């Protein structure tokens, strides 16, 4: 449903392997730092997935309120809550507490919604190892013993730590957001899909403000063993240079973890309450391309369509776009298809790929990358894409290898999931900002 209501960004929060908060994150991008290293707990193993990009120096208690809620949060939920806390603070939504303990909200709580991209959150094996041992008889796992023995040893609220909807639930509670609270579980595109749904809620008049973004981790051992290592980089002896989007020597993606959350609201509402507008959300598209039945050429065409439709929805042309913030993960065929699509729709437009710094963060990755693009709009400079030393001739894109000025203040962000979801969004600097 299209309306005349304009949607803007008034706050951003990021928890990433290269920095927590906008300043740390943007500085690390500009300096070309990598957050990829050997995963400490896997260092002495022969696992083929020994490298990743963990979040470092993260103190959840600085951001999560009430602190007792930490007991029922896994790490990705903590990341999401922290990113949301930073975003609401920047947007001026935190409220003020009176002497009698009551809180004065700058926005009606009934008009604040939450939409978050998430996934199945996997438990640390050590957390349930003792429980599973209760079901082992003579070295064999006996599932029929689970109800009798194992259930008694599981913490009563254990499941709440890992439910996909709990990130949005905790964020809604902390922000006293009483509007719609939704979770989108569609792989790496989930964060962008959440941003799109948030804008749609505002345009439909269902709310005035939405906390939207994504959080996740690709680094849980159980998940890594389940997904396998076929698409992962084998460059485990040089972790910092393993994630190489569009590079001729790329050999797969690197896993990571993190979260990005943005405050979206109607422009009219933001102006009325005196909020600082970071950027305007101009247009979007969301498509599906069956990953099991679709040849590469059809996926390339789908990415082309997604880019073209988003730019058209924004009321812009290819000539207006100053940057493509690519999804590029370093997977050989995926990078080729995306690069071909970008070239076909946008020609020689500058392209950045922030996964070169921190790999694939799961549902949080597209929003963390998007925040990198919005910071380029706000601060005027495009961070470099690292590890792209020898661009693949099959990837005809103008990769930003060195910091440069963002000359046209409109950007496109792409994202897609292994399960077939494709999304593109267009943001631009607010007129007069």
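The values are calculated or read from the model by the stated rules, or taken from the named source; none is laboratory data. On a predicted model such as this, the values are computed, not experimentally measured, just so you know. All Cβ positions, glycine included, derive from the backbone under ideal geometry; neighbour counts span all protein chains shown.
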task: Look at residue 64 and say whether it is touching a strand residue (DSSP E or B) at 6+ places or on another chain (Cβ under 9 Å) and either crowded, with 17+ Cβ neighbours inside 10 Å or outside the structural domain of residue 239 (by TED's automatic domain parsing) (or both).
output: no
Query raised in the report: Do we find a residue being modelled with pLDDT under 95, surrounded by 24 or more Cβ atoms within 10 Å (Cβ to Cβ) and assigned by TED's automatic domain parsing to the domain that holds residue 254 anywhere in the stretch 369-383?
Result: no
Within the stretch 395-406, of all residues that are more than 26 Å from residue 36 (Cα to Cα) and either modelled with pLDDT of 95 or more or outside the structural domain of residue 329 (by TED's automatic domain parsing) (or both), the one farthest from the chain's Cα centre (by Cα) is 405
If we ask which residues in the stretch 78-93 are farther than 15 Å from residue 114 by Cα and not in a helix (DSSP H, G or I), their number turns out to be 1
In the stretch 110-138, residues that are at negative phi, surrounded by fewer than 12 Cβ atoms within 10 Å (Cβ to Cβ) and assigned to a loop (DSSP other than H, G, I, E, B) total 0
Problem set entry | Flag for residue 24 being at pLDDT below 95 and closer than 30 Å to residue 388 by Cβ | no
For the structure I just gave you, tell me whether residue 107 is crowded, with 16+ Cβ neighbours inside 10 Å, touching a strand residue (DSSP E or B) at 6+ places or on another chain (Cβ under 8 Å) and modelled with pLDDT under 95. yes
Residue 70 - would you say it is at pLDDT below 95, closer than 20 Å to residue 216 by Cα and surrounded by fewer than 21 Cβ atoms within 10 Å (Cβ to Cβ)? yes
Residue check for residue 31: modelled with pLDDT of 95 or more and either over 24 Å from residue 356 (Cα atoms) or in contact with a strand residue (DSSP E or B) (Cβ under 6 Å, 6 or more places away or on another chain) (or both):
no
Restricting attention to the stretch 325-351, the residues that are surrounded by 24 or more Cβ atoms within 10 Å (Cβ to Cβ) and outside any helix (DSSP H, G or I) number exactly 7
Within the stretch 12-51, of all residues that are over 19 Å from the mean Cα position of the chain (by Cα) and assigned to a strand (DSSP E or B), the one surrounded by the most Cβ atoms within 10 Å (Cβ to Cβ) is 51
Exercise. Return a yes/no flag: does the stretch 367-376 have any residue that is in contact with a helix residue (DSSP H, G or I) (Cβ under 6 Å, 6 or more places away or on another chain) and free of Cβ contacts under 8 Å to residues at least 60 places away in the same chain.
Key: no
The correct count of residues that are assigned to a loop (DSSP other than H, G, I, E, B) and touching a residue at least 40 places away in the same chain (Cβ under 8 Å) in the stretch 1-11 is 5
Counted residues in the stretch 377-399 being assigned to a loop (DSSP other than H, G, I, E, B) and without any contact (Cβ under 8 Å) to a residue 60 or more places away in the chain come to 3
When (1) crowded, with 24+ Cβ neighbours inside 10 Å; (2) out of contact with any strand residue (DSSP E or B) (no Cβ under 8 Å at 6 or more places or on another chain) are applied to residue 411, the one that fails is (2)
Residue 228 meets each of (1) in contact (Cβ under 8 Å) with a residue 12 or more places away in the chain; (2) within 22 Å of the chain's Cα centre (by Cα) with one exception, condition (1)
The stretch 208-299: strands (runs of 3 or more DSSP E) wholly inside it with 2 or more residues that are farther than 22 Å from residue 167 by Cβ and at pLDDT 95 or above are 279-288
